[in-house]
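*Asks:* Mind looking over this structure? Questions follow.
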Amino acid sequence: MLCSTIKPGTDCGFMTKKGCSYAGGSCKPVIDSCLGCNKIVEFESGNYCKLYPEPATKWLKGKCPSASHVKLEIKEVQAINPLKASKRASKKK
């Protein structure tokens, strides 16, 4: 259904005929960690996330899973012992 509280005119999964069914009755604004993300939408009442009704909960255990402004950290690959690698390669033949 279309939202009629905070984000008027947008499609919302929490909106029912009785109003917003999300905890507290409306979506929560974005937090500082969200700034720079391309999923933020501006409304008269403030800035809100397109995907999540309460973006702060997505940052509790690290980074938001859909944050477009945060780059992935590439972990260093553990070095392989060359002697063991050559033994493994010879067994495969």
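None of the figures in this text is laboratory data; all of them are computed from the coordinates on show. What you see is a predicted model, and the numbers here were worked out from it, not measured in a lab. Note that we place each Cβ from the backbone using ideal geometry, even for glycine, and neighbour counts take in every protein chain shown.
*Asks:* Counting other Cβ atoms within 10 Å of each Cβ, which GluC sites (Glu not before Pro) in the chain have at most 14 and sit in a DSSP loop?
*Replies:* Glu44, Glu73, Glu76
*Asks:* Report, by chain and number, residues whose modeled amide H sits under 5 Å from the one on Glu54, excluding near sequence neighbours (fewer than 5 apart, same chain).
*Replies:* Placed amide hydrogens put Lys28 under 5 Å from Glu54.
*Asks:* Taking amide H atoms as placed 1.01 Å from N in the peptide plane, list the residues 5 or more away in sequence, or in a different chain, whose amide H sits under 5 Å from that of Phe43.
*Replies:* Tyr48
*Asks:* Taking the Cα centre of the chain as origin, sum charge times position over the Cβ atoms of Lys and Arg (+1) and Asp and Glu (-1), and report the length of that vector in debye to the nearest 20.
*Replies:* Magnitude of the dipole: close to 1160 debye.
*Asks:* Moving to a separate point now. Out of the trypsin sites (Lys or Arg not before Pro) in the stretch 1-89, which ones are loop residues according to DSSP with at most 11 other C-beta atoms within 10 Å?
*Replies:* When the trypsin sites (Lys or Arg not before Pro) of the stretch 1-89 are filtered for loop state and at most 11 Cβ neighbours within 10 Å, Lys17, Lys18, Lys61, Lys71, Lys75 remain.
*Asks:* Between the alpha-carbon centers of the stretch 79-93 and the stretch 1-69, tell me the distance in whole angstrom.
*Replies:* Rounded to whole Å, the Cα centres lie 51 Å apart.
*Asks:* Could you point to the label whose value was computed as Rg and Dmax of the Cα atoms in Å for the structure here, given (i) 15.5, 57; (ii) 22.5, 69; (iii) 20.3, 71?
*Replies:* The calculated read-out lines up with (ii).
*Asks:* May I ask which residue of Ala67, Asn81, Phe43 lies farthest towards the positive end of the charge dipole of the stretch 15-92, with charges of +1 (Lys, Arg) and -1 (Asp, Glu) on Cβ and the Cα centre as origin?
*Replies:* Sorting the options by dipole projection puts first Asn81.
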